[in-house]
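The structure appears below as C-alpha cells.
What follows draws every value from the coordinates through simple rules; no lab data is involved. From a predicted model like this one, the values you see are computed outputs, not experimental measurements. Heads up, the Cβs are rebuilt from the backbone with ideal geometry, glycines too, and the neighbour counts pull from every protein chain shown.
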Amino acid sequence: EDQVTQSPEALRLQEGESSSLNCSYTVSGLRGLFWYRQDPGKGPEFLFTLYSAGEEKEKERLKATLTKKESFLHITAPKPEDSATYLCAVVTSGTYKYIFGTGTRLKVLA
Amino acid sequence: NAGVMQNPRHLVRRRGQEARLRCSPMKGHSHVYWYRQLPEEGLKFMVYLQKENIIDESGMPKERFSAEFPKEGPSILRIQQVVRGDSAAYFCASRLQGGSTEAFFGQGTRLTVV
C-alpha cells in the first residue's frame, strides 16, 4: 500500500536555528512529490514539486530535496512567520490522487 | 487570477439535514479533488473528478456522500442526512490537465453538525 510518513510530528525552533523536516514514502512508482504549507484555519498552500531523485528546489528560506525513498524540507535561519504545518504529498504512477502525510507542525520562537 | 473558491466557508447543519459544499476551480483547471480533514489529522482523499466524470471515488463513503462536476458551474460535494461524525473541514483542490502537476487548494468549508 502506498504510504507517506512525515517526521517529526512537531518541531520547535528558535529564530535562526536551521533544521530539516523529513518525508519518507513507500510507493509503487512515483509520479511526483509535493510540499505544502498550511496555516491554522486555511487551505494548504503549494510550495514545491519534485519529480526525480537528486532534484532540488529553493524558495526564500526553504529548500526541498528528493531521494528515491524520502524528501527533506530544509529551513535555513527560520523566522516566526515560518510557523505552520508542512505537508508532504505524493502522486503515484497509474493514479492521479495526492496521498498526504500527517504533517510536521513547526513553531519558530522569536 | 482568482484561486480555488469554496463556499460557504462555514456551514452548520442539524443531524439529518443535507449539506452542499461548492467548489469553483482555478481558471483553466479541469480536474477537481475533494479532501476531508479532521482536527490534528492529515488530509484524506475522498474523490477525484473531471468535467462530467468521476475518475476515482475510492475515498468517499458509499452511503450519503456524492460528488459532481458538471459541464457548467462549480463542483458540488453533497452529504445527505448528516451525522455528528461528518463534522470536519472539507477542502477542494484543482489542477491543470496533464501528468503530475501541482494541485491548488481552496480555503475549505468547515462543516459543523449539531
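Counting only other chain Cβ atoms within 10 Å of each residue's Cβ, the peptide A:59-71 averages 0. Pairs exceeding a 18 Å alpha-carbon distance, out of A:97/B:44; B:27/B:71; A:42/A:79; A:68/B:44; A:69/B:44: A:42/A:79; A:68/B:44; A:69/B:44. Cβ crowding within 10 Å, taken as a proxy for footprinting-reagent exposure, orders B:18, A:45 from fewest neighbours to most as B:18, A:45.
Database remark: amide H of residue B:56 closer than 5 angstrom to the amide H of B:48 (H placed geometrically; neighbours at sequence offset of 5 or more, or on other chains; Pro and chain starts carry no H). What whole-number distance in Å separates the alpha-carbon centres of the stretch A:71-98 and the stretch B:20-69? Using only Cα atoms, the two centres lie 21 Å from each other. Over every Cα atom in the protein assembly as shown, the radius of gyration and the widest Cα-Cα span, Dmax, amount to 17.6, 52 Å. Inter-chain neighbour count for A:91-104: the average number of beta-carbon atoms from partner chains within 10 Å of each residue's beta-carbon is 5. Mean partner shielding of peptide A:31-43, defined as the number of other chain Cβ atoms within 10 Å of each residue Cβ, is 4. Once backbone amide H atoms are built at 1.01 Å from N, residue A:102 has A:6 as its partners under 5 Å, excluding neighbours fewer than 5 places away on the same chain.
Between residue B:14 and residue B:54, the modelled labels are 2.9 nm apart [label points 7 Å from Cα along Cα→Cβ]. Considering only alpha-carbon pairs that sit under 8 angstrom and 6 or more positions apart, the relative contact order computed for the stretch B:7-46 is 25 percent. The trypsin sites (Lys or Arg not before Pro) of the stretch B:48-89 meeting both criteria, a DSSP state outside H, G, I, E and B (loop) and at most 16 other C-beta atoms within 10 angstrom of the site's C-beta, are B:51, B:62, B:64, B:71. Along chain A, the exposed loop sites are trypsin sites (Lys or Arg not before Pro) outside DSSP states H, G, I, E and B with at most 12 other Cβ atoms within 10 Å, and the longest stretch free of them is A:1-67. For the stretch A:1-98, the dipole from Cβ point charges (+1 on Lys and Arg, -1 on Asp and Glu) about the Cα centre works out to 220 debye, to the nearest 20. The relative contact order of chain A comes to 37 percent, based on Cα pairs under 8 Å that sit 6 or more residues apart. Per-residue extension of 0.36 nm, minus the Cα-Cα distance of residue A:79 and residue A:7, leaves a gain of 23.9 nm for this segment. Largest GNM mean-square fluctuation among B:77, B:21, B:11, using chain B with Cα springs under 10 Å: B:11. When only Cα pairs below 8 angstrom with a gap of at least 6 residues are kept, the stretch B:11-114 shows a relative contact order of 36 percent. On the principal axes of its alpha carbon atoms, chain B extends 40, 26, 24 Å, with the longest extent given first. Projecting the Cα atoms of B:82, B:94, B:69 onto the charge dipole of the stretch B:48-114, computed from C-beta unit charges around the Cα centre, puts B:82 farthest toward the positive end. Ranking B:29, B:6, B:53 by how far each Cα lies toward the positive end of the dipole of the stretch B:1-56 (charges on Cβ) leaves B:6 at the top.
Evaluated at q = 0.11, 0.19, 0.23 Å⁻¹, the base-10 log of the normalised Debye intensity for chain A, with identical point scatterers placed on the Cα atoms, takes the values -0.31, -0.91, -1.29.
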